[in-house]
Structure formats: structure tokens, C-alpha cells
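Here is the structure we will look at.
The values are calculated or read from the model by the stated rules, or taken from the named source; none is laboratory data. The model shown is predicted, which means the values in this text are computed figures rather than measured ones. Note: ideal-geometry Cβ built from the backbone for every residue, glycine included; neighbour counts use all protein chains shown.
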Amino acid sequence: MGEDVELLKQRLPLLEYLKQNNWTPCRTSCRQELVGLCPLHQETHPSFYVNTRKNLFYCHGCGRGGDLIRFVELFLHLPFRQSVAHLEQQLTPGAPISPLLEQTAAFYQLQLHRHPEAMHYLQRRGVHDAALIEELGIGYAPGGNLRGHLVVLGYSLDRLLDIGLINPQGRDALCRRVIFPCREHGQLVNLYGRSIGAAFPHRLLPQSKGGLFAWDSVSQFSTVILVEGLFDLAVLWQAGFRNTTCAIGTHLTPAQWTQLSTRPRRSVYIVFDQDQNQAGQQAARYLAQRLDSADCIARIVPLPAGHDPNSYFLAGATAADFSHCLQQARPL
């Protein structure tokens with residue numbers, strides 16, 4: 001394993017992997033050291049250093065550093081072995097991942113209506129429009145039966161493990177989660193799972209989360225609403241705000257940032273969670289400042305304390321109430 005890992009790092013230099021994920025250095029510190037914004041946390045002043053000779057990185061902002069595999073662990077939130085498998089797949093890509101994910105998403109869509117606990121969860125989250133559920137491709141992973149279904153279709157267990165659909169015990173990695181398929185340019189690139197039980201709420205497969213959610217349809221709008229979560233997006237679409245997109249979190253990847261910021265004078269209404277710890281508000285202010293510097297018109301939408309769009313509608317808000325919140329938003 002040790003020799004294989006060292007060979008892997010030689011074949012895929014850290015800088016090349018960073019550039020594949022849209023990292024751009026801002027300047028050169030010395031002949032072998034590049035500096036740019038850290039991909040692992042939000043910052044406005046470059047503090048992320050890459051030593052091309054040593055194939056190492058270090059961020060003076062968040063204090064994290066290491067080699068290529070350590071970066072993948074932090075960037076994709078993966079354990080060591082899955083990080084290695086991810087990098088091996090980058091070097092020797094096999095069959096396209098999209099057909100396998102399409103089969104998985106279709107299977108999970110069928111499961112949604114067979115498991116009352118999943119439909120009850122959607123109702124509790126305020127998502128009740130059957131046409132919208134179908135349009136978004138929402139499904140459910142009950143756990144335990146995906147492996148058999150995909151093996152019958154000709155997919156090997158190793159392939160399912162490498163993609164991250166199955167855990168080493170043979171169970172669905174997204175077990176007991178409501179599933180949202182994530183598409184980019186029409187291709188299925190990942191699956192987001194929201195736990196309906198006590199497990200960690202959010203989970204993606206160990207792949208890129210892709211671009212902004214539903215960007216193919218939202219990009220036509222000159223005014224865009226940006227939210228944190230997919231249930232925020234679902235209730236807003238349900239209420240008629242079809243110009244809503246989602247980054248699945250507050251941290252935009254470089255690719256998502258490019259999508260949002262490249263249209264001059266686009267108006268972006270940022271509706272992040274009103275957290276007690278101010279995390280959502282701080283992320284919104286940081287993003288608004290960046291958008292302003294990119295010649296966009298950013299507005300932070302004030303929701304009542306403690307609310308996100310999903311909980312706001314669950315508390316009884318109407319489309320008119322949300323429109324009023326949008327009208328209260330002002331540019332920085």
C-alpha cells in the first residue's frame with residue numbers, strides 16, 4: 001500500500017489536481033511555491049501555499065496542510081482509503097459514472113413511494129407537490145437492497161464500492177436518506193442524501209458535487225435566489241420561485257462561483273440560514289462582498305431569527321411573505 005500511494009502521488013501532482021478542481025494561484029511566493037485562496041475554507045486574502053517540488057500544501061488561514069491524499073480527505077470529507085480510490089479513479093477512469101447513478105436514482109425513486117416513512121418525512125419538511133417531487137427526481141434509500149439490484153444489472157461490487165454507493169458491509173452508503181439527484185449539463189454527477197433518522201444529516205457520494213443545483217434551468221434568469229439546502233430550494237420552487245438554486249452548503253466551489261458570477265449585473269439574493277452562531281450570516285456577507293467585486297448585485301435577504309426558507313414556510317409563511325422578505329433586501 002505504501003509504495004502504491006507514493007506512486008499515485010507521483011503520477012498525479014498536487015498542483016494538477018488542484019487545477020482540475022478550478023484552483024488558480026494568485027501569485028508566486030518563490031520559484032517553487034504558489035499562493036492562492038484556500039479551497040478548504042472561506043477567505044478573502046490568499047493564504048494557501050503549494051510547494052510544487054515537495055508536492056505539499058499548507059494554509060496559514062485554517063492551519064491545515066499535507067500531501068495530495070490529505071487534501072482530498074479534507075476537500076471531499078473522505079477517509080484515507082476512499083481518498084486513494086478516488087484518486088486512482090481520476091488517473092484510470094473506467095466507464096462513465098452517470099449511467100450507474102441514473103440506475104441508482106431511478107431505483108431510489110421507486111422506493112420512495114414504497115416506504116411511508118420517507119413520504120411522511122417529505123410532508124414534515126413541507127414538500128407535498130407530487131409533480132415537483134417527480135421533477136426533482138426525489139427518491140429514498142431504505143438500505144440493503146441497492147447492491148442486489150445493481151449487480152443484476154451487471155455492475156460489480158468493486159465498482160459500487162469505488163463509487164461509494166455501497167459501504168464495506170454491503171449496505172447502501174446513503175441508507176435511510178431521502179435522495180436528491182445532482183445534475184450538471186444534463187449528466188447525473190452525484191447523489192445527495194438527507195438523513196431521516198439520527199445519522200449525520202447531510203451526505204454526498206465521494207465525487208464532485210457538481211455545479212449549482214438545477215443551474216441549466218436557473219441560469220436563464222437575470223435575478224437568482226441562492227439558498228443553502230435542497231429542502232429550501234424545494235419549498236421555494238413549490239411556492240413559485242423557480243429562479244432558486246442551491247450550492248448544497250454555504251461554500252461555493254470554484255466552478256459554482258464561476259456559474260454565479262460570470263453574467264454581469266446579475267442580481268443574487270442570498271438566503272442562508274439565520275444561525276444562532278452567525279455562521280450563515282457571515283457566509284452570506286462574505287459571498288455578497290465577492291459578488292459585488294465581480295460586478296454582480298448581491299442582496300442578503302433577512303428572514304426571521306432562527307429560520308431558513310424551509311422552516312419559514314413550515315412556520316406558516318406564504319409566497320407573499322417571502323416576496324416581502326426579498327423586497328426588504330438591500331445591496332451592501
### Query
Quick one: in the range 176-188, which of the residues that are touching a residue at least 40 places away in the same chain (Cβ under 8 Å) and buried (at least 20 other Cβ atoms within 10 Å of the Cβ) is nearest to VAL218 (Cα to Cα)?
CYS182
## Note on the structure
Picked from the range 306-332 (must be assigned to a loop (DSSP other than H, G, I, E, B) and farther than 16 Å from GLN274 by Cβ), the residue modelled with the lowest pLDDT is LEU332
### Task
For residues that are surrounded by 10 or more Cβ atoms within 10 Å (Cβ to Cβ) and of a type in the set (Gly, Ala, Ser), scanning just the range 1-39, find the one that is modelled with the highest pLDDT.
GLY36
### Query
Just a yes or no: is a residue in the range 213-220 of a type outside the set (Ser, Thr, Tyr) and at pLDDT below 95?
yes
### Summary
Note on TYR58: of the conditions (1) of a type in the set (Ser, Thr, Tyr); (2) farther than 24 Å from LEU165 by Cβ; (3) not in a strand (DSSP E or B), unmet is (3)
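Quick grid of which residues meet (1) among the acidic types (Asp, Glu); (2) under 17 Å from GLY126 (Cβ atoms); (3) loosely packed, with under 14 Cβ neighbours inside 10 Å; (4) in contact with a helix residue (DSSP H, G or I) (Cβ under 8 Å, 6 or more places away or on another chain):
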position: GLY229; (1), (2), (3), (4): no, yes, no, yes
position: GLY240; (1), (2), (3), (4): no, yes, yes, yes
position: TRP257; (1), (2), (3), (4): no, no, no, yes
position: LEU260; (1), (2), (3), (4): no, no, no, yes
position: GLY280; (1), (2), (3), (4): no, no, no, no
position: ALA288; (1), (2), (3), (4): no, no, no, no
position: ARG299; (1), (2), (3), (4): no, no, no, yes
position: ALA305; (1), (2), (3), (4): no, no, yes, no
position: PHE313; (1), (2), (3), (4): no, yes, no, yes
#### Entry: Options PRO181, PRO116: the member that is in contact with a Gly (Cβ under 8 Å, 6 or more places away or on another chain) and at pLDDT 95 or above
PRO181
### Query
Only one residue in THR24, THR28 is without any contact (Cβ under 8 Å) to a residue 24 or more places away in the chain, of a type in the set (Ser, Thr, Tyr) and outside the structural domain of LEU136 (by TED's automatic domain parsing). Which one?
THR28
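Table: residues versus (1) touching a residue at least 24 places away in the same chain (Cβ under 8 Å); (2) in a loop (DSSP other than H, G, I, E, B); (3) out of contact with any Asp or Glu (no Cβ under 6 Å at 6 or more places or on another chain); (4) on the phi < 0 side of the Ramachandran plot.
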| residue | (1), (2), (3), (4) |
| --- | --- |
| GLN42 | yes, yes, yes, yes |
| PRO46 | no, yes, yes, yes |
| VAL50 | yes, no, yes, yes |
| ARG53 | no, yes, yes, yes |
| GLU73 | no, no, yes, yes |
| ARG81 | no, no, yes, yes |
| HIS86 | yes, no, yes, yes |
| GLN90 | yes, no, yes, yes |
| LEU100 | yes, no, yes, yes |
### Task
Specify the residue that is modelled with the highest pLDDT; the eligible residues are those in the range 131-175 that are out of contact with any helix residue (DSSP H, G or I) (no Cβ under 7 Å at 6 or more places or on another chain) and either surrounded by 21 or more Cβ atoms within 10 Å (Cβ to Cβ) or assigned to a strand (DSSP E or B) (or both).
LEU174
